[in-house]
Amino acid sequence: MGDAAITTSIKADYLKDPDLSVLKIDVDTKDGVVTLQGLAADDAAKTRAERIAQGVKGVKEVKNYLVTKKPV
């Protein structure tokens, strides 16, 4: 699977997840290495986003740079 297809698949999976679909997560794929950037609601959402990305065919590595929102 190509990089664009990997990115599209991950974004589609995020849209299906009720907790992740409301978040602004940037997904970038280069040579099978996925980089996640943006905000996550909490550590559980950050971990789930990474696991979903790792489960997509063609992904070699996930670099998770998501930042959890700080409570106000």
* Yes or no: D43 under 12 Å from N64 (Cβ atoms), open to solvent by 50 Å² or more (accessible area, probe 1.4 Å) and either over 10 Å from the mean Cα position of the chain (by Cα) or in contact (Cβ under 8 Å) with a residue 24 or more places away in the chain (or both)? -> yes
* Asked: Conditions: (1) over 23 Å from M1 (Cα atoms); (2) among the basic types (K, R); (3) surrounded by 14 or more Cβ atoms within 10 Å (Cβ to Cβ). K24 meets all but one. Number of the miss?
  -> (3)
* To do: Just one of (1) modelled with pLDDT of 95 or more; (2) touching a Ser or Thr at 6+ places or on another chain (Cβ under 6 Å) trips up A53, so point out which.
  => (2)
* Those residues of segment 27-50 which are of a type outside the set (G, A, S) and touching a Ser or Thr at 6+ places or on another chain (Cβ under 8 Å), in sequence order -> V27, D28, T29, V34, T35, L39, D42, D43, K46
* When segment 27-40 is examined, which residues are found to be under 23 Å from G2 (Cα atoms) and of a type in the set (A, V, I, L, M, F, W, C)? -> V27, V33, V34, L36
* For residues that are in contact with a helix residue (DSSP H, G or I) (Cβ under 9 Å, 6 or more places away or on another chain) and either assigned to a loop (DSSP other than H, G, I, E, B) or aromatic (F, W, Y) (or both), tally how many sit in segment 20-65. => 10
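The values are calculated or read from the model by the stated rules, or taken from the named source; none is laboratory data. Everything quoted here is computed from the prediction, not taken from an experiment. Cβ sites come from the backbone with ideal geometry, for glycine too, and all protein chains shown count toward neighbours. These accessible areas exclude ligands, DNA and RNA; they are computed on the full protein's heavy atoms, side chains included. Shrake-Rupley method; radii C 1.70, N 1.55, O 1.52, S 1.80 Å.
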